[in-house]
Amino acid sequence: MAVKKSKSLTYYMGRLFFIQFCGFLLIIGVAILIFSGLIFKGIVSPADAGEREATQWLNYIDQEQQIPNQLTTNYTDFAIYNAQGDIKRSTIDSSVFEKLVLRAKKSEGNYQSSTASLSNGDKIIFIWKYRAMLTNRTFRRLIPNFEIFYLSIILVLLFAYFILFVKRASLLINKKITQISQATQQISQKNLTSKIIADTGINEFDEALNSMEDLRESLRESLTNQWSDFQQYERNVSAMLHDIKTPLTVITGNTELILEETTDRDIEELAESVYMSGYKLQQYTEKMRDLSIISKDNQKTTVIQCDQLINDVFQLLKAAAEKNNNRLIYKKNTTIKEIKADELMLSRALINIGDNAIRYAMFGTDITFSVFQNNQQTTFEVEDVGPSFSEEALKHAATFLWQEEKSRQSSEHAGIGLTMVKETARTHGGQLMLKNTETGVTVSFSVLNKPII
């Protein structure tokens, strides 16, 4: 297949304008040929037909020294005057004729006149105008000024040609610009496997497409490398968690045996310390495993009843809340519709937020769960009464393993819980939001409403 040779945009546009100009010339040329043909066929009289007709009659009158009684004209008007200057006969109203004679003398309106005198004192004045006319009198009355009529037709044709040409040219240019638009959409839609072909035939457009192709290839290689690194990271995390789990099970199991059998207080305290450390490390590995699963974006979407979801979370958090004498409250102002999402992910996210709220809430206070919904998204919110976030925590609390915040940090805090909530919101097209209130904090996350079929 032959490679299309590209031209510059200047050359391309210049060629379009040249074609348009040639089209104008062609229309004008054809119009002139048609006009000449109408004259040749006797359908239209030439502009000097009136002058020739007047000259012919003037020559006859000069020779014969008389005006024929049956004098008629097609392209001129005339008036016959007696010796006293009164009009004896005219082809048009005498007052109109006099005005035309004055205009002819002043060379106004392209009117011309010519006079012949007789020996008896009579005279005849012919008046005409240089213009092409239809030879048929009936048609001439319908179209008295054929030149303007014909010129109007030419202008209409030129305008119609201009509009059609502009539309045609815009389609051609738009077809080439569409290739650039399609290339940008291809990249924005993350379709990086299909090659971007630069074959518009215009240097500037092809250069832009070639740049996009380079960008596509760079993004593809980058994402491929990132995906390979991420998969390797997932394998390393899975292997690490598996390697840690077995010895942790052995440690916690042995320390439980020691606690059951020992009577030495020092050994018992040391064993309890080892057991609690192992327990915390087990919790840490479980959360790392959960975060690893969420990060894979493997959603198993189902239709979820939000009321039932909150009730299920309450059952799981009920025991922990009772220890701190906290009351779990579900607050809703409107009817909440079903949503389509990964129920396990949402449940884990709500449990993490609820667990944090119970851990930091003041003794005997209420922890309020709320659900808000609009056409675009559904928002889950948990509010507690307790210490607020610092400015740094509001910025970094959802950062993986971040633990700087002291006011809302316990010995069980690992810096993973809010990261899991943030990942859950992200995989569902939403976001995590942290906010301080007058009495405590509000943690919420949103998910996009997917259509339920």
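The values are calculated or read from the model by the stated rules, or taken from the named source; none is laboratory data. If you're wondering where the values come from, they're calculated on a predicted model, not measured in any experiment. Methodologically, a virtual Cβ is constructed for each residue, glycine included, from the backbone with ideal geometry; neighbour enumeration extends over all protein chains shown.
Exactly one of (1) more than 19 Å from the chain's Cα centre (by Cα); (2) part of a helix (DSSP H, G or I); (3) surrounded by fewer than 16 Cβ atoms within 10 Å (Cβ to Cβ) is unmet by Lys195. Its number?
Result: Lys195 passes all but (2).
Would you be able to tell me the number of residues in the stretch 344-379 that are in contact with a Leu (Cβ under 6 Å, 6 or more places away or on another chain) and of a type outside the set (A, V, I, L, M)?
Result for the stretch 344-379: 2.
What about Ala208, is it more than 30 Å from Ala31 (Cβ to Cβ), among the small types (Gly, Ala, Ser) and not assigned by the TED database to the domain that holds Ala83?
Yes: the conditions hold for Ala208.
So which of Ile453, Ile358, Ile367 is surrounded by fewer than 17 Cβ atoms within 10 Å (Cβ to Cβ) and either part of a loop (DSSP other than H, G, I, E, B) or at pLDDT 90 or above (or both)?
After applying the criteria, what remains is Ile453.
What's the total number of residues in the stretch 318-349 that are within 50 Å of the chain's Cα centre (by Cα) and in a loop (DSSP other than H, G, I, E, B)?
Within the stretch 318-349, residues that are within 50 Å of the chain's Cα centre (by Cα) and in a loop (DSSP other than H, G, I, E, B) number 7.
Would you pick out the residues in the stretch 46-76 that are in contact with an Asp or Glu (Cβ under 9 Å, 6 or more places away or on another chain) and over 16 Å from Ile125 (Cα atoms)?
Listed by number, the list holds a single entry, Ala47.
Might you check whether a residue that is in a helix (DSSP H, G or I) and modelled with pLDDT of 90 or more occurs anywhere in the stretch 64-74?
no
Which of the residues that make up the stretch 70-94 are small (Gly, Ala, Ser) and on the phi < 0 side of the Ramachandran plot?
Ala79, Ala83, Ser90, Ser94
Kindly provide the set of residues from the stretch 181-195 that are among the hydrophobic types (A, V, I, L, M, F, W, C) and modelled with pLDDT under 85, ordered by number.
Within the stretch 181-195, Ile187, Leu192 qualify.
Answer yes if at least one residue in the stretch 246-265 is basic (Lys, Arg), modelled with pLDDT of 70 or more and exposed (fewer than 13 other Cβ atoms within 10 Å of the Cβ), and no otherwise.
Yes: the stretch 246-265 contains one or more residues that are basic (Lys, Arg), modelled with pLDDT of 70 or more and exposed (fewer than 13 other Cβ atoms within 10 Å of the Cβ).
For (1) over 19 Å from Ile154 (Cβ atoms); (2) assigned to a helix (DSSP H, G or I); (3) out of contact with any helix residue (DSSP H, G or I) (no Cβ under 9 Å at 6 or more places or on another chain), each residue gets a yes or a no:
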residue: Tyr11; (1), (2), (3): yes, yes, no
residue: Arg15; (1), (2), (3): yes, yes, yes
residue: Phe24; (1), (2), (3): no, yes, no
residue: Ile27; (1), (2), (3): no, yes, no
residue: Ala31; (1), (2), (3): no, yes, no
residue: Ile39; (1), (2), (3): no, yes, yes
residue: Gly42; (1), (2), (3): yes, no, yes
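Considering the stretch 108-121 alone, what residues qualify as being assigned to a loop (DSSP other than H, G, I, E, B) and within 20 Å of Glu53 (Cβ to Cβ)?
Scanning the stretch 108-121 gives Gly109, Asn110, Leu118.
Tell me yes or no: at least one residue of the stretch 48-60 is at pLDDT 85 or above, part of a loop (DSSP other than H, G, I, E, B) and closer than 14 Å to Trp128 by Cα.
Yes, the stretch 48-60 contains at least one residue that is at pLDDT 85 or above, part of a loop (DSSP other than H, G, I, E, B) and closer than 14 Å to Trp128 by Cα.
For the stretch 130-159, which positions are part of a helix (DSSP H, G or I), surrounded by 15 or more Cβ atoms within 10 Å (Cβ to Cβ) and basic (Lys, Arg)?
Matches in the stretch 130-159: Arg140 only.
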